[in-house]
Amino acid sequence: MAGMLIGTSEPTGNRVAGLGVYVVLPMWGGCGNAGALNKEPMMYSMTRRGSAAAMVAALALTATGVLTACSSEGSSDPSPSSSSSTQQEPTSGAQMIGPVMVEPGQTEVSATVGRTIVFNVADPEKELISTNNPEVLAVSPGGSDGSAVFNPGAEALAPGTATVTLTNSETGATQVVSVTITD
């Protein structure tokens, strides 16, 4: 016998006071045979408290074995599994696309309808932004909301061309960017 068996059936037909739970332990010998080898496992009846303790112990041993088996997975490699380290694509087929970035000194940019264009500037709160074609581009000023600073940007609304002008309110320096929007 390799473990312990916990059951509620009465193996001898005699009901013992209490819950009537019997535990078969892999121990040899009997109560009346001190030192004698009786090749039968010993059977003990338990009270309600004893059976609860035995159940808790059995569950703890089972949980420990399951957790040990799950955590090792037959590998001693401590690196994370490939499924957790790769980024999965959305199942609907749609992909998240980042904004189109315009760097200082850049004079042309292209984007598709629906994309966001962000103008990277030294001090977003001091840059004024405008467009000559608000039907193609909706511009938004840079600024701060107290916890974050945002660069000026634009949203591509329709196919066409537009000119965006960024003007520093302190120095008067300007950057002019030609924007082409396609479907």
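General remarks:
- Proximal charge balance of Ala158 [Cβ under 11 Å; K/R count +1, D/E count -1]: -3
- From phi via Karplus (6.51, -1.76, 1.60), per-residue ³J(HN,Hα) for the stretch 101-115 in Hz, x at Gly/Pro: 9, 10, 8, x, x, 6, 10, 9, 8, 10, 8, 9, 4, x, 7
- Near Asn133, the amide H atoms lying under 5 Å from its own belong to Thr163; only residues 5 or more places off or on other chains count, and H is placed 1.01 Å from N.
- Rounded to whole numbers, the Karplus 3J(HN,Hα) couplings from phi for the stretch 142-153 are x, x, 10, 10, x, 10, 8, 10, 10, 6, x, x Hz, using 6.51 cos²θ - 1.76 cosθ + 1.60 with θ = phi - 60°, and x at Gly and Pro.
- Sum of side-chain charges, Pro141 neighbourhood, beta-carbon under 10 Å (Lys, Arg +1; Asp, Glu -1): -2
- Directionally averaged shadow of the stretch 100-182, computed from the convex hull of its alpha-carbon atoms, nm²: 5.0 nm²
Just so you know, all these numbers are worked out from the coordinates, no wet-lab data involved. Quick caveat, the model's predicted, so the values are computed rather than measured. Here the Cβ is made from the backbone with ideal geometry for all residues, glycine too, and neighbour counts use every protein chain on show.
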